[in-house]
Amino acid sequence: PPQDIFDSDWYTSCSLIGGADIVVIKYSVNDKTSFQELKDSYVPMIKKALSHCSIPVIISAIGARKNGVPCTCPLCTSDRRSCVTTSEGVQLSKELGATYLELHTLNDFYIQKYFGGVLEYFMIQSLNQKSSEKMKKKKKTQKCHRVQPPQLEQPEKMPILKGEASHYNADLHNLLCCCQCADVAFYPEDLSTVVEAHKVILCSVSQLFMLLFEVKSAADIHDASIVKMAQNLFMVETRGTFPTATHGGPPCVPPVKVVVKDSVFCSCLPDILHFIYSGAFQWERLEEDIKMKLKDPEKTENVLEKVKCILKTPGKLSTAKDCRSHQIRRLYSTSLRLFFNTPVLADVIFKIQGATVPAHRAVLVARCEVMAAMFNGNYLEANSVLVPVYGVSKDTFLSFLEYLYTDSCCPASILQAMSLLVCAEMYQVMRLQHICELYIITQLQSMPSRELASTSLSIVSLLRKAKFHNSDCLSTWLLHFIATNYLIFSQKPEFQDLSVEERSFVEMHRWPSNLYLKQLAEYRNYVHSRKCHCAVM
């Protein structure tokens, strides 16, 4: 109790506090009188005593406030009249430069782990300080200078690679604007205008279009409302004969003509297609565009209901909530996956390693500039259905196409990621290249030192490929990686395959540095020659 200390004379009290390792002041949060007495009578004396010595102080507020849930807000005054608030305890701790703790209950957590942990921390600090003072005195008396071990600096920070934002929706929207590879044309009943589109994009987001273009039958859909809407809204023109391909060239099939029976809906079709091609998730914007165009609430509602039916999932009611942006975005992001590596609606076939891979020109042209030039320029591929692919494996090329269709990729290993990076560089798909770079870096960073030392994976070989395929970010990172793990890689045979310039870079940025190793050797020699213990131990 404070009475036992401060009822003595001042010099005795000061001596008792100065000889302590730590001062603990505790009070009950439900005893305002005792707290006030502590604050008025003893805190000034404690402050005066602490001005002559440096001792850690802990203020412990014990118990839970009886007028409700304990308040932890320093600004709260809701329980100021009946008990000691947190703000009063914090203010007292600031006056004394103390650590403030609230022990709501005297259980194992608060006493042993919480309070005990803080107390142990300050005790260790105090012991370390006293130990340090004793060491200084001992050094002075012995007049002995002991050499300290060298300090190991931190390795250099590795270059940071930043990912590239997705432009998946923008790519498909641009496809609609340029109308490349269009295979369907919408007309009003008077055939006065035309709006071109792509069957694979429309079918990827709508069961109704799947029915319209015979990807699915009415029996497959199991929803009479979709079938009825398709019959009432559209009419596909039937052709008596179809041209056939000759000499391996593509059939010169004109776009499928679709007559839109509803003239109001047809007038809004460009806006509806922009909505679908932009990702089919900006529903609120589509509503505003149609309202501004029609300026008739009844017609606007009629058109929007038809759009909801087009986007409807078979067997489910189509509500306004289902068409909100966050609902539809989830649907559309993976919808083109339905047509990945399938002959349905395919108009090009890649031949690779003796196998064939079907694809859709519209998706390829939208997502890859190299393929856009290849299929729309004066190249042989522009007039061929069968297109040979060289320089990559079938699995790698399938992973590449999967990215074009879905905007995602999941390499199974570092080597597969590097093969995919090479393919991405060949077709100039920069975002996929960056994804592969980040995957390789993440996998290498997570590899433990023991595994890194024993792995058969050649980092220098990865470095060669990265440089050859213009992956400057990855090649720079790999050089830093070799330098940071110098003691591991310098023992590998592949280390000798580094060029003079690369070796110079690694030696300059190596960790640990030559200077540190030299200082460490000198310190070890000193310890053995003096036959003394290490200062650290």
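Listed here are the residues, each with its yes/no results for (1) within 26 Å of LEU517 (Cα to Cα); (2) over 25 Å from the mean Cα position of the chain (by Cα).
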site	(1), (2)
LEU462	no, no
LYS465	no, yes
HIS469	no, yes
LEU474	no, no
ILE482	yes, yes
SER504	yes, yes
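Restricting attention to the range 342-364, the residues that are open to solvent by 10 Å² or more (accessible area, probe 1.4 Å) and in a helix (DSSP H, G or I) add up to 1. Looking at GLN416, is it without any contact (Cβ under 8 Å) to a residue 60 or more places away in the chain and outside the structural domain of CYS309 (by the TED database)? Spelling it out, GLN416 is indeed without any contact (Cβ under 8 Å) to a residue 60 or more places away in the chain and outside the structural domain of CYS309 (by the TED database).
Contact map, the range 209-231: residues that are over 13 Å from ILE310 (Cβ atoms) paired with residues that are of a type in the set (Phe, Trp, Tyr), Cβ distance under 6 Å, separation 6+ or inter-chain. No pairs are found. Can you give me the ranges of the helices (runs of 4 or more DSSP H) entirely in the range 1-108 with at least 2 residues that are modelled with pLDDT of 80 or more and of a type in the set (Ser, Thr, Tyr)? Counting at least 2 such residues, we get 32-37, 86-96. Taking the criterion of being open to solvent by 20 Å² or more (accessible area, probe 1.4 Å) and more than 12 Å from THR193 (Cβ to Cβ), the residues of the range 260-277 that qualify are LYS261, ASP262, VAL264, ASP271, HIS274. I'd like to check something: does the range 195-215 contain any residue that is at pLDDT 90 or above, surrounded by fewer than 18 Cβ atoms within 10 Å (Cβ to Cβ) and within 24 Å of VAL264 (Cβ to Cβ)? Yes; the residues of the range 195-215 include at least one that is at pLDDT 90 or above, surrounded by fewer than 18 Cβ atoms within 10 Å (Cβ to Cβ) and within 24 Å of VAL264 (Cβ to Cβ).
Against the definition (closer than 23 Å to LYS306 by Cα and either of a type outside the set (A, V, I, L, M) or at pLDDT 95 or above (or both)), how does HIS247 come out, yes or no? It is false that HIS247 is closer than 23 Å to LYS306 by Cα and either of a type outside the set (A, V, I, L, M) or at pLDDT 95 or above (or both).
The requirement of being more than 20 Å from the chain's Cα centre (by Cα), of a type in the set (Asp, Glu) and at pLDDT 95 or above is satisfied by GLU425.
Might you check whether a residue that is among the hydrophobic types (A, V, I, L, M, F, W, C), under 23 Å from ALA466 (Cβ atoms) and open to solvent by less than 60 Å² (accessible area, probe 1.4 Å) occurs anywhere in the range 511-520?
Among the residues of the range 511-520, not one is among the hydrophobic types (A, V, I, L, M, F, W, C), under 23 Å from ALA466 (Cβ atoms) and open to solvent by less than 60 Å² (accessible area, probe 1.4 Å), which makes the answer no.
Here ASP171 clears all of (1) under 17 Å from PHE265 (Cβ atoms); (2) touching a Lys or Arg at 6+ places or on another chain (Cβ under 8 Å) except the condition numbered (1).
The residue that is farthest from SER456 (Cα to Cα), among those in the range 393-413 that are of a type in the set (A, V, I, L, M) and open to solvent by less than 20 Å² (accessible area, probe 1.4 Å), is LEU404.
Check whether at least one residue in the range 417-434 is open to solvent by 60 Å² or more (accessible area, probe 1.4 Å) and aliphatic (A, V, I, L, M), and report yes or no. Checked against the condition, which is being open to solvent by 60 Å² or more (accessible area, probe 1.4 Å) and aliphatic (A, V, I, L, M), the range 417-434 yields at least one hit.
Tallying residues that are in a helix (DSSP H, G or I) and at pLDDT below 95 within the range 412-422 yields 0. Of the residues SER393, SER446, the single one that is under 21 Å from the mean Cα position of the chain (by Cα) and among the small types (Gly, Ala, Ser) is SER446. Quick one: would you say ARG524 is buried (at least 16 other Cβ atoms within 10 Å of the Cβ) and at pLDDT below 90? So ARG524 fails the test.
The values are calculated or read from the model by the stated rules, or taken from the named source; none is laboratory data. Predicted, not measured: the structure shown is a model, and the values here were computed from it. Cβ: placed from backbone, ideal geometry, glycine included. Neighbour counts: every protein chain shown. The protein model used for the area step is the full one, side chains on, heavy atoms only, and it has no ligands, DNA or RNA in it. Shrake-Rupley method; radii C 1.70, N 1.55, O 1.52, S 1.80 Å.
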